Amino acid sequence: MKTPLFLFLFLLTAAFSQAQTEITEQIKTDRDNQLKELNEKLKKNEEIVNGLTEKLAATDNKTASDKEKIEDMEKLQIALDSRLKILEEAPKTKINLNGQLAFTELLSIQRDIQPLELFLSSQSFFDQLGSIGKIQQYKSFTTWKTDFDKWYEKDGKSDAMSGLLQNSLSLISTASSAVPLYGTMVNTAISGVTSLIGTLGKKEKDLYDKTPEMLRILTISSQFEQQKSIIDHEWNLINQELEQLQMENALLLNEQMSYFAIDKQRFESRYLKATLDSEREQFKNECRKSISDKIMYLDKSPDTRGKWLGQVETYMYKVQSLRLRFGQLTTRMLANIDQYDTLLKNYSDTTKFPVEFTSKIMAMNSPLNNLRNKFYSSFNPAKYVEDSAVMYIERQ
């Protein structure tokens, strides 16, 4: 199987770095503090409104002057206007901070292709896994093929069926062959060898004696490759979905940078090319200020006042969707790693399979464990999905 480069590159972008956690928690803390402050203002305002309302209701026309009544009514109106502003401010504060959170999360998805060890370990694993199905690497096959080629050159060329068998064997055993080690071609080779040896009998003793072990390794390798191809197919599906996510991520990032007036060149030079988490953190904080300033401008402009709420919310939920899908794909990735583990265990029994085959299977334990450990050190799919579901506070 070809190493799924896009799969790991894009999954790597989903990894949680320590810096990402810090900026996320900082935004959430700011959001909570600002909302707490607004709630306290609302509570004090409610006390003023209730006090003035009760005072006006209890005022006796004979004991209170018109001037006092007017003053109290003016105070009540001011308090009610203030209450309205506080109520209007709360959803704006939520969306403003949620928008900052969404953009900084999007930056992290775009930038954090950092766990290089995970990518390297995946290459090692898939390279070794792919070699198990290369029949030309097994001595029991190559020694038999050498004897068969000698027989074919001497006695088999005149027979059409022998020519078909020779062609089938060459196609599945050539190092550069793209023919998988399962399906019609392999079945043709196995049945052809069985028929040929039955015909030759012991006239070709060396070829005859080596055939059972050759057929055994060919059959087992073919069966292994067929089962592995089912798991490989799931990797390919994940890879396609991740390529789609990459395009959506890039488009969404460009769209938000344009909307919030964030310089793309600064993003590339100050963030993508940064070597330290502190540098990326500084850029994220600069972006937070740019977003806040842009929202303040939009809210003051008569043409855009209030309209930005819906636009920023749209960005929020698009980012949330991307994060959630990354989490789901890493969950599927882990499930496939487990499937490879099960497959290898099923073929590791030396009492059932040739030693030269099981030795390759058991040699996969180290790269598989290394891949699994690197995965766990980079991802937490369950937490990723859970955090995506609760990353925002609703407007109301």
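Taken together, the values in this text are just the output of simple stated rules run on the coordinates, not laboratory data. Since the structure is predicted, the reported quantities are computational estimates derived from the model, not experimental observations. Every residue, glycine as well, gets a Cβ built from its backbone with ideal geometry; the counts of neighbours run over all protein chains shown.
Over segment 135-222, what per residue volume does the convex hull of the Cα atoms give, in whole Å³?
Residue-normalised Cα hull volume stands at 84 Å³.
If you add up the charges near Thr358, with Lys and Arg at +1 and Asp and Glu at -1, over every other residue whose beta carbon is less than 13 angstrom from its beta carbon, what do you get?
With Lys, Arg at +1 and Asp, Glu at -1, the neighbours total +2.
Tell me which aspartates and glutamates have Cα within less than 13 Å of Lys157's Cα, excluding those fewer than 8 residues away on the same chain?
Asp149
How large is ³J(HN,Hα) for each residue in segment 345-353, as worked out from phi by the Karplus curve 6.51 cos²θ - 1.76 cosθ + 1.60 (θ = phi - 60°), to whole Hz, x for Gly and Pro?
Here the 3J(HN,Hα) series is 5, 5, 10, 9, 7, 6, 7, 10, 10 Hz.
Could you give the size of the charge dipole of segment 190-264 about its Cα centre, using +1 on the Cβ of each K and R and -1 on the Cβ of each D and E, expressed in debye and rounded to the nearest 20?
Details: 7 positive and 12 negative charges, 152 e Å.
Once rounded to the nearest 20, the dipole reads 720 debye.
Along segment 199-214, what does the Karplus equation 6.51 cos²θ - 1.76 cosθ + 1.60 (θ = phi - 60°) give for ³J(HN,Hα), rounded to whole Hz, x for Gly and Pro?
Along segment 199-214, the couplings run 7, 5, x, 9, 5, 10, 4, 4, 5, 5, 5, 7, 5, x, 5, 5 Hz.
How would Thr342, Thr93 line up from fewest to most surrounding beta-carbon atoms within 10 angstrom?
Thr342, Thr93
What does the highest-first list of 226-232, 200-206 look like by mean Cβ count within 10 Å?
Details: 226-232: 16.4, 200-206: 12.4.
Packing proxy ranking, top to bottom: 226-232, 200-206.
Quick one: Karplus J couplings for segment 149-156, per residue in order, coefficients 6.51, -1.76, 1.60, θ = phi - 60°, nearest Hz, x for Gly and Pro?
Per-residue couplings from phi come out as 4, 5, 5, 5, 5, 7, 10, x Hz.
Could you line up Val319, Val355 from fewest to most neighbouring Cβ atoms inside 10 Å?
Val355, Val319
Provide the net charge surrounding Tyr208, with neighbours chosen by a C-beta distance below 13 Å and charges set as Lys +1, Arg +1, Asp -1, Glu -1.
-1
R0 = 25 Å: FRET efficiency of Ser65 with Lys44, Cβ-based, nearest 0.05?
0.35
Report the rotationally averaged projected area of segment 196-306 based on its alpha-carbon convex hull, in square nanometres.
Mean projected area for segment 196-306: 14.2 nm², to one decimal.
Might you report the magnitude of the Cβ-based charge dipole of segment 135-222 about its Cα centre, with Lys and Arg at +1 and Asp and Glu at -1, to the nearest 20 debye? Each step should come with its number before you reach the end.
Values: 10 positive and 9 negative charges, 22 e Å.
Here segment 135-222 has a charge dipole of around 100 debye.
Which pairs, out of Lys36/Lys307; Lys75/Lys300; Lys94/Lys264; Lys273/Lys360; Lys228/Lys318; Lys264/Lys318, put more than 31 Å between their alpha-carbon atoms?
The pairs that break the limit, which is 31 Å between Cα atoms, are Lys273/Lys360; Lys228/Lys318.
Would you mind putting 81-90, 94-103 in packing order, based on average other-beta-carbon counts within 10 Å, highest first?
Most protected by this proxy first, the peptides run 94-103, 81-90.
Taking the highest mean first, how do the peptides 130-137, 152-159 order by number of other beta carbon atoms within 10 angstrom per residue?
Working: 130-137: 17.0, 152-159: 12.5.
Peptide ranking by packing, descending: 130-137, 152-159.
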